[in-house]
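Notes follow once the structure below has been shown.
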Amino acid sequence: MRIGELAAACGTPVETIRYYEREGLLPVPPRSDGNYRVYGSAELERLAFIRQCRALDMSLDEVRALLAFRDAPPADCSGVNALLDEHIGHVVQRIDELRALETALRGLRQRCDAPGAGAACGILHGLEQAVVPVEATRRAAASSHEHAGTHGRRR
């Protein structure tokens, strides 16, 4: 199948497939006589595996490590367990950071109970006075786990 067919089969944009190839997550496929990339069921299964990992918010490095385990079936899987335990720890940390961000935002929101003139807006004044702990919001937005955060672009 061609790249467009692979993309349609697994619901992945063509550019994302090319990105995964550049990152070494997918092998560079052979080319047809017309110089089109040619994919088979193995690439489809590998891409589905990658997409599942990414849906679980795993970083590319984590996906790489899991693919290495997947590509060596006789190897001991204790490293897979350790990787997943570490990822769970990152998720718990991000949840804590996002809860702190929610608390800060709710506190800021309480500063203005009725719409009025911008000059009297408690939210705007709160932002000017830095009543929200900037470091907590920065950690939650940026995330310490190499992810784009809750609103970031994912491939």
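Determine, from the Cβ-Cβ distance of Gln129 and Asp61 and an R0 of 35 Å, the FRET efficiency 1/(1 + (r/R0)^6), rounded to the nearest 0.05. The pair Gln129/Asp61 has a calculated efficiency of 0.30. The calculated FRET efficiency for the pair Leu44 and Arg18, based on their C-beta separation and a Förster distance of 22 Å, comes to about 0.90. One chain, two ends: Val91 and Cys77. Fully extended at 0.36 nm per residue, the span grows by 2.9 nm beyond their Cα-Cα distance.
Is the C-alpha gyration tensor of the stretch 46-100 telling us rounded, prolate or oblate? Criteria: a/c under 1.5 is rounded; beyond that, a/b larger than b/c is prolate, otherwise oblate. The shape class here is oblate. If you wrap the Cα atoms of the stretch 4-93 in a convex hull and average its projected area over all directions, you get 6.5 nm². Fully extending the segment from Arg111 to Asn35 would add 21.2 nm, taking 0.36 nm per residue of separation and subtracting the current Cα-Cα distance.
No value in this document is a laboratory result; all are computed from the given coordinates. As the structure is a prediction and not an experimental result, all values here were calculated from the model. With ideal geometry, Cβ positions are generated from the backbone for all residues, glycine too; neighbour counts draw on all protein chains shown.
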